[in-house]
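Structure, as structure tokens:
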Amino acid sequence: MSKFVIRETATGIKFDLVAGNGEPIGTSQVYASKATCKAGIESVKRVAPVAKMEDQTVENWEKVTNPKFEIYIDAAGEPRFRLRAANGQEILASQAYSSKEACEKGIASVVKNAPEAEVTEKEK
């Protein structure tokens, strides 16, 4: 079962969405408070199942409206995705994947697992 893990950082609070196998699927921005971090989690749970797909890795890609998953190639040449809320704010970003297909599987995992994922807090 996937879970959202809230953790403190040197600059605030963020969350990771972790797959049932313990591998990270995505991470959030840094939030100023636990309450805003939890609101970010609820946003991911709400928009992931209805988000459209924007594949920025293809030539002449079609821009779609938010909420959306964006697949893109990072500076190192590796595929990643980010999830944008209805207001365009980035609410979840992935790690680098070995292939576009693996990246697409990561998105499918978010869509399937985020709505029902439990929320926990990382021990210090």
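Some notes on this structure:
- Meets criteria (touching a Phe, Trp or Tyr at 6+ places or on another chain (Cβ under 7 Å), surrounded by 13 or more Cβ atoms within 10 Å (Cβ to Cβ) and charged (D, E, K, R)) for GLU70: yes
- In the stretch 15-29, the residue that is surrounded by the fewest Cβ atoms within 10 Å (Cβ to Cβ) out of those that are touching a strand residue (DSSP E or B) at 6+ places or on another chain (Cβ under 9 Å) and farther than 16 Å from ARG84 by Cα is GLY20.
- Of all residues in the stretch 63-81, those that are under 9 Å from MET53 (Cβ atoms) have Cβ atoms under 7 Å from Cβ atoms of residues that are open to solvent by 40 Å² or more (accessible area, probe 1.4 Å) and basic (Lys, Arg), 6 or more apart or on another chain, in VAL64/LYS52; LYS68/LYS52; LYS68/ARG84; GLU70/ARG82; GLU70/ARG84; ILE71/LYS100.
- Tally, over the stretch 78-94, of residues that are farther than 17 Å from SER109 by Cβ and either open to solvent by 50 Å² or more (accessible area, probe 1.4 Å) or outside any loop (DSSP other than H, G, I, E, B) (or both): 6
- Residue that is surrounded by the fewest Cβ atoms within 10 Å (Cβ to Cβ), among those in the stretch 30-45 that are among the charged types (D, E, K, R) and free of Cβ contacts under 8 Å to residues at least 60 places away in the same chain: GLU42
The values are calculated or read from the model by the stated rules, or taken from the named source; none is laboratory data. Because the structure is a prediction, the values reported are computed rather than measured. Glycine also receives a Cβ, built like all others from the backbone with ideal geometry; neighbour counts cover every protein chain displayed. Surface accessibility is based on the protein's heavy atoms, side chains included, excluding ligands, DNA and RNA. Shrake-Rupley method; radii C 1.70, N 1.55, O 1.52, S 1.80 Å.
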